[in-house]
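Heads up, the thing below is written out as structure tokens.
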Amino acid sequence: MTIPFQFFNYKKGHLESDGISMEQIAHQVGTPTYVYSERGFLEPFLELKKGLNPIDHQICFAMKSNSNPSILKLLKKAGSGMDIVSGGELELALRAGVAPSQIVYSGVGKSADEMRRALKAGIYAFNVESQPELNLLNQVALDLKSKAPVSLRFNPDVNPKTHPYISTGLKKNKFGLERREIFSILENLKKLPAIEIWGVSIHIGSQILSLKPFDEAFQKLSELVVKITPLLPMPLRFLDLGGGLGIRYCSSEKPFSIQSYCEKVLKYFGPKQWSGRILVEPGRIITGNAGILVTRVLYRKKRRNKDILIVDAGMNDLMRPALYGSYHEIVPVQQNATRSRLRKTDIVGPVCESSDCFAEGYRFPESIKEGDLLAILSAGAYGFSMSGNYNARPRCAEVLVADHQFKVIRRREVIRY
Ligand SMILES: *Cc1c(COP(=O)(O)O)cnc(C)c1O
């Protein structure tokens, strides 16, 4: 077994981060618990910022990947804006002190109330995904006697070659506007006096491991911009390239580097090609490898051809395996366990669903026993933020490790009997 990332490592036989052992956290905070490394968020963020430094840019962190208030504050302090997808996220971003002028609002189903609140707050732009949404936004802005800054979300019809549930830029997906829809909107723009078209955005999917789909999408976006510019009452101010940069969940995955992504951005939208601003909306690349889920083994069920390890974390805590069949590497917190014989093992949660399974037919140390701690790796993105209360299970705690210390950044929910 290899640990595919650098923020959690074995030291003196224990899995630790920045000198803090997972054993100690589990002892004081209990399990299951999400543990994050502050460096884990900042390193990729700063690398992206550095790579985009040659151009006028704004990073808008896709906060749906992890919206813990302490983490939002951390990223805001490092210079991040936010990409939000609901009124609830708007509220969280504002409470974290993010400037409204650094917030963009994505999503196919914004309600009138959500639009009103975001307009009043003065956000940077709405990424609009349909004609009826644009019509409603126009009405809401008219009622408020204001103007709505808009970027049109273009669906470039490229295949990101990722899981079908997380591809968003194909014609068949519900997201974005087709080319002809964009032209039709622009032809009828005079009927929407409160709408100002400031930008065009794309977001083609998530966990993308090759630069090729980005290359294709950037190309199509550049062509579109040339075609629509003459139709606009004023020049575009920005292009929003979305997120989707993939991370390493297992040792066989080889994602492209952040630097090479930035080079691709510069190739299409460098100072020579584009004079406006560039926005990016990264989520997973910032949060994914910054967090793990620490869980305790409750039982080992011995079967003839495989064993089943039942742990205290369930699909309500980390839904990705149940929702997408996605892979997470799982390692023992005590390193000596990794030296024992391996046995075919399923690692499952306590929730009453067969899909509540973190690993099936995994080759896992036979010596792991009841009471031992395990770490489910690369769980910082779409982990806690997707968690819920199914089976009336309380949501788990979140802990942040920084400067050789740890603090609880969300307390465990408790059941009051
Ligand atoms: C989810 C989402 C993102 C972030 O995607 P990642 O794969 O986590 O980088 C960015 N933009 C939009 C519009 C999204 O819906």
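Read the figures in this text as sums done on the coordinates, not as results from a lab. Worth saying up front: this structure is predicted, and the values here are computed from it rather than measured. Here the Cβ is made from the backbone with ideal geometry for all residues, glycine too, and neighbour counts use every protein chain on show.
Under 30 Å from residue 19 (Cβ atoms), more than 16 Å from the ligand (Cβ to nearest atom) and aliphatic (A, V, I, L, M), is that true of residue 408? Let's see the steps before the verdict.
Working: under 30 Å from residue 19 (Cβ atoms): yes; more than 16 Å from the ligand (Cβ to nearest atom): yes; aliphatic (A, V, I, L, M): yes.
Taking the combined requirement at face value, the residue satisfies it.
If you scan segment 277-330, which residues turn out to be β-branched (Val, Ile, Thr) and closer than 30 Å to residue 151 by Cα?
First, the residues of segment 277-330 that are β-branched (Val, Ile, Thr): 278, 280, 285-287, 292, 294-295, 297, 308, 310-311, 330.
Of everything in segment 277-330, those that are β-branched (Val, Ile, Thr) and closer than 30 Å to residue 151 by Cα turn out to be 278, 280, 285, 286, 287.
Quick check on segment 349-366. Is at least one of its residues within 22 Å of residue 16 (Cα to Cα) and over 26 Å from the mean Cα position of the chain (by Cα)? Explain how you work it out, then say what you get.
Pass one, segment 349-366, residues within 22 Å of residue 16 (Cα to Cα): 358, 364-365.
Now restrict to residues that are over 26 Å from the mean Cα position of the chain (by Cα): 364-365.
Within segment 349-366, one or more residues are within 22 Å of residue 16 (Cα to Cα) and over 26 Å from the mean Cα position of the chain (by Cα).
What are the pairs, 6+ residues apart or on separate chains, where a residue within segment 274-301 that is closer than 22 Å to residue 315 by Cβ has its Cβ under 9 Å from a residue that is near the ligand (Cβ under 8 Å from one of its atoms) and basic (Lys, Arg)?
Listed by first residue and then by second, the contacts come to 283/64.
Sort out which residues of segment 302-344 are among the hydroxyl-bearing types (Ser, Thr, Tyr) and touching a Lys or Arg at 6+ places or on another chain (Cβ under 6 Å), and write them in order of number.
So the first thing to find is which residues in segment 302-344 are among the hydroxyl-bearing types (Ser, Thr, Tyr), and the list is 324, 326-327, 338, 340.
Within segment 302-344, just 326 meets the criteria.
Under the condition of being in a loop (DSSP other than H, G, I, E, B) and away from the ligand (no atom under 16 Å from the Cβ), which residue from segment 185-203 is surrounded by the most Cβ atoms within 10 Å (Cβ to Cβ)?
Going residue by residue through segment 185-203, those that are in a loop (DSSP other than H, G, I, E, B) are 188, 192-194, 202-203.
Next, only the ones that are away from the ligand (no atom under 16 Å from the Cβ) stay: 188, 192-194.
Numbers: 188: 12, 192: 20, 193: 11, 194: 18.
Looking at the filtered set, the residue picked out is 192.
Any residue that is away from the ligand (no atom under 14 Å from the Cβ), basic (Lys, Arg), free of Cβ contacts under 8 Å to residues at least 12 places away in the same chain and closer than 30 Å to residue 320 by Cα - is there at least one of those in segment 176-184?
No - not one qualifying residue is present in segment 176-184.
Return yes or no: is residue 326 of a type in the set (Ser, Thr, Tyr), assigned to a loop (DSSP other than H, G, I, E, B) and away from the ligand (no atom under 16 Å from the Cβ)?
Working: of a type in the set (Ser, Thr, Tyr): yes; assigned to a loop (DSSP other than H, G, I, E, B): yes; away from the ligand (no atom under 16 Å from the Cβ): no.
Against the criterion (of a type in the set (Ser, Thr, Tyr), assigned to a loop (DSSP other than H, G, I, E, B) and away from the ligand (no atom under 16 Å from the Cβ)), residue 326 does not qualify.
Can you work out which of the residues in segment 1-58 that are part of a strand (DSSP E or B) and of a type in the set (Phe, Trp, Tyr) is surrounded by the fewest Cβ atoms within 10 Å (Cβ to Cβ)?
As a first pass, look at segment 1-58 and keep what is part of a strand (DSSP E or B): 9-11, 14-17, 20-21, 33-37, 57-58.
Now drop any that are not of a type in the set (Phe, Trp, Tyr), which leaves 10, 34, 36.
Details: 10: 17, 34: 27, 36: 30.
Ranking the candidates gives 10 first.
Based on this model, can you work out whether residue 221 counts as within 16 Å of the ligand (Cβ to nearest atom) and touching a residue at least 60 places away in the same chain (Cβ under 8 Å)? Let's see the steps before the verdict.
Numbers: within 16 Å of the ligand (Cβ to nearest atom): yes; touching a residue at least 60 places away in the same chain (Cβ under 8 Å): yes.
Yes: the conditions hold for residue 221.
Among the residues of segment 285-334, how many are touching a Gly at 6+ places or on another chain (Cβ under 7 Å) and within 30 Å of residue 258 (Cβ to Cβ)?
Of the residues in segment 285-334, the ones touching a Gly at 6+ places or on another chain (Cβ under 7 Å) are 287-291, 293, 296-297, 306, 311, 313-316, 318, 334.
Subset that is within 30 Å of residue 258 (Cβ to Cβ): 287-291, 293, 313, 318.
Count: 8.
Collect the residues in segment 68-106 that are of a type in the set (Ser, Thr, Tyr), away from the ligand (no atom under 15 Å from the Cβ) and touching a Gly at 6+ places or on another chain (Cβ under 8 Å), keeping them in residue-number order.
Start the filter on segment 68-106 by keeping residues that are of a type in the set (Ser, Thr, Tyr), which leaves 70, 80, 86, 101, 105-106.
Now narrow it down to the ones that are away from the ligand (no atom under 15 Å from the Cβ): 70, 101.
Of everything in segment 68-106, just one residue is of a type in the set (Ser, Thr, Tyr), away from the ligand (no atom under 15 Å from the Cβ) and touching a Gly at 6+ places or on another chain (Cβ under 8 Å), namely 101.
Considering every residue within segment 14-34, establish whether at least one is in contact (Cβ under 8 Å) with a residue 40 or more places away in the chain and within 16 Å of the ligand (Cβ to nearest atom).
no
Collect the residues in segment 107-132 that are within 16 Å of the ligand (Cβ to nearest atom) and closer than 16 Å to residue 198 by Cβ, keeping them in residue-number order. Step through it out loud before you land on a result.
Here is the first cut: in segment 107-132, the ones within 16 Å of the ligand (Cβ to nearest atom) are 107-110, 114, 118, 123-130.
Matches in segment 107-132: 118, 123, 124, 125, 126, 127, 128, 129.
Determine whether residue 247 is within 15 Å of the chain's Cα centre (by Cα) and assigned to a loop (DSSP other than H, G, I, E, B).
Numbers: within 15 Å of the chain's Cα centre (by Cα): yes; assigned to a loop (DSSP other than H, G, I, E, B): yes.
Criteria met by residue 247.
Going through 206, 151 one at a time, which residue ends up being in contact with a Gly (Cβ under 8 Å, 6 or more places away or on another chain), within 16 Å of the ligand (Cβ to nearest atom), closer than 23 Å to residue 123 by Cα and not aromatic (Phe, Trp, Tyr)?
Values: 206 fails: closer than 23 Å to residue 123 by Cα.
Just a single option satisfies the conditions, and that option is 151.
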